[in-house]
Amino acid sequence: MRSASLRTAERISLVSDRVSNGESVIRTSAASLTRISTEIESSRDAIALIVDASDAQREEADALAREIEAISAVAEQNAATSQEVSAVVEQQTASMAHVSDSSQHLAEIANRLKGAMTRFEL
């Protein structure tokens, strides 16, 4: 019986050592899992910052695109206005040429009239 008691005591001691080793492994694993969890949280926070920065960048890009479209519209309007002004200038130039021709024709008529008036005495 004594040998059975000793074997039981040895087995209990062995089981106790194994439980202690298991407990140590579990504590180490728990610490590792806690560090992993902390790193995951840090990564999640970093990803959230990246998402926020990406959203802000997209909004800025959208605003820039709208501004470029507005500038393009103004440029198109300016081009159309320039064409209209060019057409008006051409019309005015033609009108001025016509006025010049008419003035020259009136000057010729006035000279003829003046010549015809010299025949008459007052």
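What follows draws every value from the coordinates through simple rules; no lab data is involved. Here the structure is a predicted model, which means the values were calculated and not measured. Please note: Cβ atoms are built from the backbone with ideal geometry, for glycine as well, and neighbour counts cover all protein chains shown.
Please compute the net charge surrounding ALA61, taking Lys and Arg as +1 and Asp and Glu as -1 over other residues with Cβ under 14 Å from its Cβ.
Surrounding charge for ALA61 is -4.
In the set (i) 2.05; (ii) 1.25; (iii) 3.79, which value of Cα Rg over 2.2 N^0.38 Å was calculated from the structure you see?
(iii)
Once the mean 1/r over all distinct Cα pairs of the stretch 59-109 is inverted, what Kirkwood radius in angstroms do you read off?
14.2 Å
If I model a spin label as a point 7 Å beyond the Cα along the Cα-Cβ vector, how far apart are those points for SER86 and SER5 in nm?
11.9 nm
Do any GluC sites (Glu not before Pro) in the stretch 59-122 lie in a loop, going by DSSP, with at most 15 other beta-carbon atoms within 10 Å of their beta carbon, and if so which? Present the calculation step by step, with values, prior to reporting the outcome.
Numbers: sites: GLU59, GLU60, GLU67, GLU69, GLU76, GLU84, GLU90, GLU108, GLU121; in loops: GLU121.
Passing both the DSSP loop test and the Cβ count: GLU121.
Distance between Cα centroids, the stretch 39-71 to the stretch 72-86: provide it in whole Å.
First find each Cα centre; the distance between them is then 36 Å.
Which listed residue (LEU33, SER103, ALA80) has the Cα farthest towards the positive end of the charge dipole for the chain, taking +1 on Lys and Arg C-beta and -1 on Asp and Glu C-beta about the Cα centre?
LEU33
For the chain, set up a GNM with springs between Cα atoms under 10 Å and report which of LEU64, LEU33, LEU14 has the largest fluctuation.
Maximum among the listed residues: LEU14.
Pairing the Cα long axis of helix 2-117 with the longest principal axis of the chain, what angle in degrees results, from 0 to 90 and rounded to the nearest 10?
Orientation of helix 2-117: about 0 degrees from the principal axis.
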